[in-house]
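Structure first, commentary second.
The values are calculated or read from the model by the stated rules, or taken from the named source; none is laboratory data. Please read these numbers as outputs of a predicted model, since none were measured by experiment. Every residue, glycine as well, gets a Cβ built from its backbone with ideal geometry; the counts of neighbours run over all protein chains shown. Please note that ligands, DNA and RNA were not included when accessible areas were found on the heavy atoms of the full protein model with its side chains. Shrake-Rupley method; radii C 1.70, N 1.55, O 1.52, S 1.80 Å.
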Amino acid sequence: RSAMARIHLVGDPRRGVGPGPILESQQTMAGSANRLVGIVVVSHSSRLAEGVVELATQMASPDLALHAVGGTADGRLGTDATRIAATIRAADSGAGVVVVADLGSAIMATEAAIETLDPELASRVRISGGPIAEGAVVAAVQASIGDSLADVLRAAESAAQLDKGVSR
């Protein structure tokens, strides 16, 4: 099985590539029938979304579709349902997509994005209520080993209960 992963920043005006930053991990799985659940990180801040994807990528298979979408198209803080929908489409390999988000309005924007998707794809998208960083990391690990959509969602949500070893 050959796999190629590319992580790059597109649409970042600071790099001269159009409006609004989105970090994407794009994979090509030649000769592989394995479809992995995709992960989308939605944040009001492009830098936060990119950082979470950077962290989760360290634990993930290079075959995993792990995408970040944050901020508005013009680079301000906020969310954009159109960009979220496009990112969900890019992350789906047919096994579904788990979305982790930073705040309630990011969840609302994601729900609006899902309403614009083809019904078949929309039926394969789940939104996690778990924490954005820990949720994305554990979801990426579980998706990388081929877990189902339900199991990847459960892992992302259970991340809220992770023991961080805090003693004070």
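Data table
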{"quantity": "Scan of segment 122-141 for residues that are open to solvent by 20 Å² or more (accessible area, probe 1.4 Å) and in contact (Cβ under 8 Å) with a residue 24 or more places away in the chain, ordered by number", "calculated": "Arg124, Arg126, Ile127, Gly129, Pro131, Ile132, Ala133, Glu134, Val137, Val138, Val141"}
{"quantity": "Selected residue [touching a strand residue (DSSP E or B) at 6+ places or on another chain (Cβ under 9 Å), hydroxyl-bearing (Ser, Thr, Tyr) and open to solvent by 30 Å² or more (accessible area, probe 1.4 Å)] from Thr57, Thr82", "calculated": "Thr57"}
{"quantity": "Selection from segment 131-168 of residues that are under 18 Å from Thr57 (Cβ atoms), small (Gly, Ala, Ser) and not in a helix (DSSP H, G or I)", "calculated": "Gly146"}
{"quantity": "Residue match in segment 103-113 (condition: at pLDDT below 95, in contact with a strand residue (DSSP E or B) (Cβ under 9 Å, 6 or more places away or on another chain), surrounded by fewer than 23 Cβ atoms within 10 Å (Cβ to Cβ) and in a loop (DSSP other than H, G, I, E, B))", "calculated": "yes"}
